[in-house]
Amino acid sequence: MNQSSTNNSFHMPSGEVLCPPGSTTNESCMCDWRVQIRGCPSESSYIENLYLVNTLACFIVFIMITGLLIWRMAVKGQGLISKDPLKEMGILRPKPLECFLLLNIFHVASRLLYSVCLISDFISANYLKEVLHDVTFTISLASLAIYLIGLIYTIPRTHIAAQRAVTMSSEDRPSIWVLRPQMIDAFAFFLFIALIVLNAFAFTSGYFVDKNNIKMAETWITIHYLGWSFFCWIIIFGILYFGKRLINIIEKHIQDTKGYGKAPSSKLRNLEHGLKKLRRVRVLLLGDLIFFAVASLFFGLFRNFILTYSPVLSLFLATCWVLIVPLTNAVIITILAYEINEKARMPTIRAKTTTFNQSKSNDYSTAHSNMPPKYPSKSVRNYQKNHEREQDLIESASQESSDSIELVVNPKHHQPSS
């Protein structure tokens, strides 16, 4: 590297080893631990051990996720795409749990492969390191979006339609909310474009590192991670906005179910367990995203300072950056497996729901046998007639997503009282 290169804000003696301006020895230099292990002047041993731990953790999590997905698909007979018998979904309609697990299998496997490549120094080109590092995290970003989209589609739209047909007061209207399929497809397309753009930024920054064009490399690394922060914040606000309304719908449904007076306790337990799981997973995903949004912002703006002037901050950030993925996945899988085990010990609710409806109908007939019948309005009767024919398909579709949120809706619950 010529002398003019060292006059920039940093220089790279080998690979992505960064040194402060004006340094004459490598003692004050540090690696960019995202893409460099070998040749680090001071922290090589710690970074190498960190990636060894990450390799082992990713291998364990890979086995956990694969086992859970195989059990879900082979034993429980679940698929990756939600059924749409009523044609109310968009183009993208993933099963939240299954697609989340599948993408995380690819994510953890890619992180494991990337760690092995860094430890063995198998890849020498910096643009390949940058792209492979970025691809591993964009897969994780996609899994978060897929899980969110699947959760939105879990809510049976007929439950909302039934409430609109029966209660149309201004008080009820604000709590009745369903995201339109076109909005979901647009959101997914936006994320797909984001992944391509971020990977292109990674390739460009690595390319200029290989060409020893330090100024351009620094510029594109900054643009790359500012872009990461921007897209992470978009997903964060999306999960906050959509997740809050999803929780509102579930809470309202629980209140309505309790309001029936004799609602089956198993149904309430399923609803409440689903709500708890949604909240826990949502908090974990938001925590992950907020960390990467903030870390990417600071790394993009203050990368030179973090890597050269603050070794403690650099190694702390490296530890969180490398290990947060397998640890978060392990916690989420534990939550999902625990909830599935709890649900497996619960009695099924469909038979009880039918018995409850029959009992309620008999009680109504006995109590009002001497009273003239009061019929629902024509619009409600038409809705109920069509809805009865579709009920089996709707319950089947809801049951297929029941490990995400259990909402089995019976339209007879929404008949207007006399």
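Annotations for the structure displayed:
- Ranked by the mean number of other Cβ atoms within 10 Å of their residues, highest first, the peptides 197-203, 32-38 come out as 32-38, 197-203.
- Protection-proxy order for peptides 243-249, 129-135, each taking the mean of Cβ atoms within 10 Å per residue, highest first: 129-135, 243-249
- Residue order, fewest to most beta carbons within 10 Å, for GLU48, GLU218, GLU98: GLU48, GLU218, GLU98
- Over the stretch 233-326, relative contact order from alpha-carbon pairs under 8 Å, at least 6 apart, %: 32 percent
No lab work stands behind these numbers, since they all come straight from the coordinates. Just so you know, these numbers come straight off a predicted model, no measurement behind them. Note that we place each Cβ from the backbone using ideal geometry, even for glycine, and neighbour counts take in every protein chain shown.
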